[in-house]
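What follows is one structure encoded as structure tokens, with my remarks underneath.
Every number in this text was worked out from the coordinates using simple rules, so none of it is lab data. Remember, it's a predicted structure, so these values are computed and weren't measured experimentally. When we count neighbours, we look across all protein chains shown, and the Cβ atoms used for this are built from the backbone with ideal geometry, even at glycine.
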Amino acid sequence: MSDAVPAVENKVKVLVLQHPQEQDHALGTAGLLVATLAQARLAIGLSWRNLGHALGEPVEARDWGVLYLGSAHAAAQGPLVALDRKGETLPNQKAALSGLKGLVVLDGSWAQAKALWWRNAWLTKLRRFVIVPDGPSLYGSLRKEARPDAVSTLEAAALALSVLEVDPGVREKVLAPFRELIAKARAAGAPGGKRDRRRRR
């Protein structure tokens, strides 16, 4: 995968923070997402001093956002909704999206993602977003979702990037290798996600 040419020349960088226990999960999408995007980094661990430490380069936190572990109260404002620190929808969505240079995505089960959130206080300094999926995860029967709106890390990032890049085509380019992965898993007779039942991303 490392020698493959990225399918998407994304302008908005993506940083995936992956819980260590998520590395060996079958059908995980974090590595596939990073390999698909030209500007993406995968950081595996439990905590980092700050955004720059996790990213491996100096960066201004105010220019970055994070996909928060929650749902938007007003789904009609989707597919990417900006929230304030109390979880309420911001009145000026356009301003919240303006000038965003990067997006942090948490990779792990709900419990693992929450652990990453609480162990990295600097995440609260980033702009907070939630996605509003327009359908169920492509995993289908390969994995039982904790909630109807739960999707994989790759699917969440693909949807967010399509909004941030103002290009609906970006989403399908990111999803294409994931569709191939799912098709191969089904062809190989993968059981209905027994190993992956508690995973969100």
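Here the simple spin-label model places points 7 Å from the Cα toward Cβ, and for residue 92 and residue 124 these points are separated by 2.4 nm.
For the peptides 40-51, 8-19, the ranking by packing is 8-19, 40-51, with the highest mean count of neighbouring Cβ atoms within 10 Å listed first.
Taking every alpha-carbon pair in the range 30-109 and binning the separations at 10 Å intervals from zero gives 15, 43, 35, 7 percent. The fraction of Cα-Cα pairs per 10 angstrom bin, counted from 0 for the range 7-144, comes to 11, 40, 39, 9, 0 percent, rounded to whole percents. Along the range 114-128 the Karplus relation, 6.51 cos²θ - 1.76 cosθ + 1.60 evaluated at θ = phi - 60°, assigns HN-Hα couplings of 5, 5, 4, 4, 6, 8, 10, 4, 5, 5, 6, 7, 8, 5, 9 Hz to successive residues, with x for each Gly and Pro. Amide H to amide H distances under 5 Å link residue 138 with 152, where only residues 5 or more positions off or on other chains count and H is placed in the peptide plane. Residues whose amide H lies under 5 Å from that of residue 44, counting only those 5 or more places away or on a different chain, are 18; hydrogens are built 1.01 Å from N in the peptide plane.
Past the 18 Å Cα-Cα mark, which pairs from 13/173; 101/125; 11/125? With Cα atoms farther than 18 Å apart: 11/125.
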